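Report on the following structure.
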């Protein structure tokens, strides 16, 4: 099962690599306006945010639903070939792609945490980072036309679906019936500070994901050096995923809190030393903490405190990468300038404060 989960993460995040790194370039080359590209990329985080609420009230996240999501994923990516020339039709395809992927990843990831535990999960998840990096490097070399990009997208999708199906067939949840009875409720009030933290953390990342390259270029750092900085951060991320079980023996809530504080410090370094490569490599090494360790600590903490584990994972992606990512993109665009990463640092610090005992007391009033 370890290699099945590893393969799933590898190909799933290879799709993300194509989507994040190259799809904007593809859309621009075939004539999309900047506003249209912005609308297309705002669809995914919004879908991620709204989807968990449907499963909270109306649906049950089970193998049948995930199987339907896998079929939808395949058809949506296949439709890219015939809809990409039309903004409105392509937007529908992207919405279907986002809808299906927002179901599949939390479901499979909850299985992986359950089966592989803290030690095995990190070692499997690092293949996702590896897939993202390899997809980015491969397309940079082989992307000659938008069809090449779509072909990579379809190939990685087919492989993701293949390994997802194998996991669904092989994985047996022995406690399924017992869990089905328990997994009905969900409340943000169980740890309000955590959910505020998750949201603010991803808002702060909006500056990094959307403007780090542009920001560094504007301060005299060449595009080659920026690409090396990105690759270095992924390598550091993979290292922590591999050794994460050592860290996850500590109090998980403390790890989330301290990772957020380190993230605030990381954005502050970029603000203070935007053109100093030594400091930039140091802050990129902190991606190991601000993403890898934080991500693993949050998932394991949610797994520990919620009976409805799959839904809690969905809300993590929806509330954080969905709503937080959406607000972060808009806010970072509005705040862009020399103080951008100072603002990001302050937002992350507010996320750190949200984990304090003051918020825990507020939780008791809800």
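Can you tell me which residue among 275, 332 is over 21 Å from residue 130 (Cβ atoms), out of contact with any helix residue (DSSP H, G or I) (no Cβ under 7 Å at 6 or more places or on another chain) and modelled with pLDDT under 95?
Numbers: 332 fails: out of contact with any helix residue (DSSP H, G or I) (no Cβ under 7 Å at 6 or more places or on another chain).
Among 275, 332, only 275 is over 21 Å from residue 130 (Cβ atoms), out of contact with any helix residue (DSSP H, G or I) (no Cβ under 7 Å at 6 or more places or on another chain) and modelled with pLDDT under 95.
Within the set of pairs 6+ apart or on separate chains, which have a first residue in segment 267-289 that is assigned by TED's automatic domain parsing to the domain that holds residue 202, a second that is buried (at least 17 other Cβ atoms within 10 Å of the Cβ) and outside any helix (DSSP H, G or I), and C-beta atoms under 9 Å apart?
From segment 267-289, the pairs are 269/286; 274/221; 275/221; 277/221; 280/221; 280/274.
Would you say residue 7 is outside the structural domain of residue 330 (by TED's automatic domain parsing) and touching a helix residue (DSSP H, G or I) at 6+ places or on another chain (Cβ under 7 Å)?
On the way: outside the structural domain of residue 330 (by TED's automatic domain parsing): yes; touching a helix residue (DSSP H, G or I) at 6+ places or on another chain (Cβ under 7 Å): yes.
Judged against the criteria, residue 7 is a match.
Which one of these does residue 89 not meet: (1) modelled with pLDDT of 90 or more; (2) closer than 24 Å to residue 131 by Cβ?
(2)
If a residue has to be in contact (Cβ under 8 Å) with a residue 60 or more places away in the chain and part of a helix (DSSP H, G or I) to count, how many in segment 76-89 make the cut?
From segment 76-89, those in contact (Cβ under 8 Å) with a residue 60 or more places away in the chain are 77-78, 80-81, 84; that's our starting set.
Now restrict to residues that are part of a helix (DSSP H, G or I): 77-78, 80-81.
Of the residues in segment 76-89, 4 are in contact (Cβ under 8 Å) with a residue 60 or more places away in the chain and part of a helix (DSSP H, G or I).
What do you reckon, is residue 49 within 20 Å of the chain's Cα centre (by Cα), surrounded by fewer than 16 Cβ atoms within 10 Å (Cβ to Cβ) and either modelled with pLDDT under 90 or not assigned by TED's automatic domain parsing to the domain that holds residue 127 (or both)? Even if it seems obvious, please write down each step before you answer.
Details: within 20 Å of the chain's Cα centre (by Cα): yes; surrounded by fewer than 16 Cβ atoms within 10 Å (Cβ to Cβ): no; either modelled with pLDDT under 90 or not assigned by TED's automatic domain parsing to the domain that holds residue 127 (or both): yes.
Criteria not met by residue 49.
Do we have any residue at all in segment 117-129 that's assigned to a helix (DSSP H, G or I), surrounded by fewer than 18 Cβ atoms within 10 Å (Cβ to Cβ), in the same structural domain as residue 166 (by TED's automatic domain parsing) and in contact with a helix residue (DSSP H, G or I) (Cβ under 7 Å, 6 or more places away or on another chain)? Steps first, please.
If we filter segment 117-129 for residues that are assigned to a helix (DSSP H, G or I), which is where we start, we get 117-129.
Now drop any that are not surrounded by fewer than 18 Cβ atoms within 10 Å (Cβ to Cβ), which leaves 117, 119-120.
Restricting the remaining residues to those that are in the same structural domain as residue 166 (by TED's automatic domain parsing) gives 117, 119-120.
So of that shortlist, the ones also in contact with a helix residue (DSSP H, G or I) (Cβ under 7 Å, 6 or more places away or on another chain) come out as 119-120.
Among the residues of segment 117-129, at least one is assigned to a helix (DSSP H, G or I), surrounded by fewer than 18 Cβ atoms within 10 Å (Cβ to Cβ), in the same structural domain as residue 166 (by TED's automatic domain parsing) and in contact with a helix residue (DSSP H, G or I) (Cβ under 7 Å, 6 or more places away or on another chain), which makes the answer yes.
Let me confirm something: among 301, 306, which residue is in the same structural domain as residue 204 (by TED's automatic domain parsing) and within 16 Å of residue 107 (Cα to Cα)? Walk me through how you get there before you give the answer.
Numbers: 301 fails: within 16 Å of residue 107 (Cα to Cα).
It is 306.
The values are calculated or read from the model by the stated rules, or taken from the named source; none is laboratory data. This structure is a prediction, so every number in the text was calculated from the model and none was measured. Ideal geometry is used to build each Cβ from the backbone, glycine not excepted, and the neighbour counts take in all protein chains shown.
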